[in-house]
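Enquirer: Let me begin by handing over the structure; questions about it come next.
The values are calculated or read from the model by the stated rules, or taken from the named source; none is laboratory data. From a predicted model like this one, the values you see are computed outputs, not experimental measurements. Glycine also receives a Cβ, built like all others from the backbone with ideal geometry; neighbour counts cover every protein chain displayed.
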Amino acid sequence: MGFYLGLLYFITYYLTPTVVFGPLAPFRIELILAVLVLAVSVPALSGAFVGKTFQSLALGGLAIAVILSILIGKRFWIGGATEAFQAFIPNAFAYFLICLFCNSKKKLQIVVFMLLCVCFFVIANGVGELQGSGEDGFPYQLAMKNSAGEWFFRLRGLGEINDPNDFAQLIACVIPLVFIFWRRKSAFRNLFCVLLPAGILIYGAFLTHSRGAMLAILATAVVACRRRIGLIPSLILGGGGFAAATALNFAGGRDISASAGSDRTELWSTGLQLLKSHPIFGIGFNNFADYAGLTAHNSLVVCAAELGGFGLFFWSLFLFTTLRDATALASPAKVTEGEPVVVEKVPFPLVTGQLEVLDKAEINRLGRLMILSFTGFLVAAWFLSRAFVMTFFLLGGMVEVIYEMALRQGMIEPRWRLGRTLRYTLGLAVLLILVMYITLRTVNLMH
């Protein structure tokens, strides 16, 4: 029951309570749902592996960082700190739900199918509006002007994905995950269950006219092809894809150049200045626009500026441990054919359950799909202020479920020790700031 309540929780997040519950939405059904999900999650904590992961530590640290950023940045404004905490926790909760209730490949497939249905729902409504069948205006379309001053429409969702770039980022993450349904020597199944849905998602990304999504999808394709055809051919293929996307007006007539993004780089520079002036606890969660007039349009910058070095460290901890585990899962050298490990009995065996037994090839394949999905997310996140969205934590949970499957079968080495992990996390946090600084310096030299 907890698994399906969790799915409803995710669907409500992406599609909004009004769409999911209709006339019942004013009764705050989403809060009732959240309480129910929390209630069924408590028994699942007994014997669960989620408490042993560094991502759980990272989320706890981020929650503290969110609170302190407001308390210290806003002169001990308790009400604001409470509101910030309430805004952060529902997204972070996705990680725990996935880890607690996804104990098989089939359930991971159901999660992917849920995300796919969300994307299809938005695409279908957006296409309907473009064809003039929108009965309630055009909530799934955003009208704006391109570089030539011409009006055009961009596909978007509602609620947390009501920006075309946000919806495009979700699409970029889901496209690789669709291949979880791929089955060898099943051409008919693969055509209708994988290739056709992936094509619809790419078309949906095109309708968003998101430049970040275009780069994210191309980067994902380069990473995916590198293993089969090599790096140089993959880069050439990516360059050809970029030229084709530009010719097909993927960006909706907007420029794709350093000069066209000068407004964003100015915001990035402002973010680094805010980090310099508020180095420890930042300027406050969701407060970047109050200082700069606009949001940062970069997840790293918005995290560093709003939560300071303290929050950036824990965000980097979540990112580093997730990517490290995904990379290990995808490596044939680090995954071996192991024997299933007996799981200790717990008071609620039907809730936690034993994780599904998968062979080495399938573990490697799932690991590669997660890397590709994170590639899409992170490339798009470089141009979006979406450091704390549910998709980020949901993907992290999926990685750890797969890692735990391999770990309990003795197929992969245990997670790193805390000290080593924290040292690498600190190095990553410093490296990310240096990369942003070098990027800004390079862009400034180009002008």
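Enquirer: Pull out all pairs, ordered by first then second residue, where Cβ-Cβ is under 6 Å, the residues are six or more apart or on different chains, the first lies in the range 288-316 and is over 13 Å from residue 65 (Cα atoms) and without any contact (Cβ under 8 Å) to a residue 12 or more places away in the chain, and the second is of a type outside the set (A, V, I, L, M, F, W, C) and not in a helix (DSSP H, G or I).
Expert: 289/295
Enquirer: Related question: Please state which of the following conditions residue 294 fails to meet, knowing it meets all the rest: (1) modelled with pLDDT of 95 or more; (2) touching a Leu at 6+ places or on another chain (Cβ under 7 Å).
Expert: Checking residue 294 against (1) modelled with pLDDT of 95 or more; (2) touching a Leu at 6+ places or on another chain (Cβ under 7 Å), the one that fails is (1).
Enquirer: Quick test of your reading of the structure: residue 152 fulfils all but one of (1) assigned to a helix (DSSP H, G or I); (2) touching a Gly at 6+ places or on another chain (Cβ under 9 Å). Name the failing condition by number.
Expert: Failed condition: (1).
Enquirer: Within the bounds of the range 163-177, is there any residue that is in contact with a strand residue (DSSP E or B) (Cβ under 7 Å, 6 or more places away or on another chain) and surrounded by 14 or more Cβ atoms within 10 Å (Cβ to Cβ)?
Expert: Looking for residues that are in contact with a strand residue (DSSP E or B) (Cβ under 7 Å, 6 or more places away or on another chain) and surrounded by 14 or more Cβ atoms within 10 Å (Cβ to Cβ), one finds at least one in the range 163-177, hence yes.
Enquirer: Out of all the residues in the range 404-422, is one or more at pLDDT 95 or above and surrounded by 13 or more Cβ atoms within 10 Å (Cβ to Cβ)?
Expert: Taking every residue of the range 404-422 in turn, at least one turns out to be at pLDDT 95 or above and surrounded by 13 or more Cβ atoms within 10 Å (Cβ to Cβ).
Enquirer: If a residue must be part of a helix (DSSP H, G or I) and more than 29 Å from residue 143 (Cα to Cα), how many such residues does the range 199-232 contain?
Expert: Adding up the residues that qualify gives 11.
Enquirer: Can you run down the residue pairs with Cβ atoms below 8 Å, 6 or more apart or on separate chains, where the first is in the range 421-447 and under 16 Å from residue 323 (Cβ atoms) and among the aliphatic types (A, V, I, L, M) and the partner is modelled with pLDDT of 95 or more and exposed (fewer than 12 other Cβ atoms within 10 Å of the Cβ)?
Expert: No pair meets every condition.
Enquirer: May I pose another question? Do you know which residues across the range 195-247 are charged (D, E, K, R) and crowded, with 17+ Cβ neighbours inside 10 Å? Full working, then the answer.
Expert: If we filter the range 195-247 for residues that are charged (D, E, K, R), which is where we start, we get 211, 226-228.
Across the range 195-247, the qualifying residue is only 211.
Enquirer: Continuing with the same structure: Within the range 43-86, restricting attention to residues that are polar (S, T, N, Q) and part of a helix (DSSP H, G or I), which residue is surrounded by the most Cβ atoms within 10 Å (Cβ to Cβ)?
Expert: Keep residues of the range 43-86 that are polar (S, T, N, Q), which gives 46, 53, 55-56, 69, 82, 86.
With part of a helix (DSSP H, G or I) added as a condition, the list becomes 55-56, 69, 82, 86.
Values: 55: 24, 56: 20, 69: 28, 82: 12, 86: 10.
For the range 43-86, the residue satisfying everything is 69.
Yes/no per residue for (1) surrounded by fewer than 21 Cβ atoms within 10 Å (Cβ to Cβ); (2) modelled with pLDDT of 55 or more; (3) not in a helix (DSSP H, G or I):
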site	(1), (2), (3)
325	no, yes, no
329	no, yes, no
332	yes, yes, yes
337	yes, yes, yes
341	yes, no, yes
362	yes, yes, no
367	no, yes, no
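Enquirer: Still on this model: Got at least one residue in the range 252-265 being under 22 Å from residue 374 (Cα atoms) and basic (Lys, Arg)?
Expert: No, that holds for no residue.
Enquirer: Among the listed residues 3, 10, 76, 88, identify the single one that is closer than 30 Å to residue 276 by Cα and at pLDDT 90 or above.
Expert: After applying the criteria, what remains is 88.
Enquirer: Taking residue 142, is it surrounded by 16 or more Cβ atoms within 10 Å (Cβ to Cβ), at negative phi, aliphatic (A, V, I, L, M) and outside any helix (DSSP H, G or I)? I'd like the intermediate steps shown before the answer.
Expert: On the way: surrounded by 16 or more Cβ atoms within 10 Å (Cβ to Cβ): yes; at negative phi: yes; aliphatic (A, V, I, L, M): yes; outside any helix (DSSP H, G or I): yes.
For residue 142, the condition - surrounded by 16 or more Cβ atoms within 10 Å (Cβ to Cβ), at negative phi, aliphatic (A, V, I, L, M) and outside any helix (DSSP H, G or I) - is met.
Enquirer: OK, next. Determine the pairs where a residue that is outside any helix (DSSP H, G or I), located within the range 388-408, has a partner that is surrounded by fewer than 22 Cβ atoms within 10 Å (Cβ to Cβ) with Cβ atoms under 7 Å apart, the partner being 6 or more residues away or on another chain.
Expert: What qualifies is 388/88; 388/91; 389/91; 389/160.
Enquirer: Oh, and also: How many of the residues in the range 15-42 are modelled with pLDDT under 85 and either in contact with a strand residue (DSSP E or B) (Cβ under 6 Å, 6 or more places away or on another chain) or not in a helix (DSSP H, G or I) (or both)?
Expert: Final tally of qualifying residues: 1.
Enquirer: Within the range 369-383, how many residues are of a type in the set (A, V, I, L, M) and farther than 14 Å from residue 180 by Cβ?
Expert: Initially, the range 369-383 is screened for residues of a type in the set (A, V, I, L, M), giving 369-372, 378-381.
Next cut, farther than 14 Å from residue 180 by Cβ only: 378-381.
Qualifying residue count for the region: 4.
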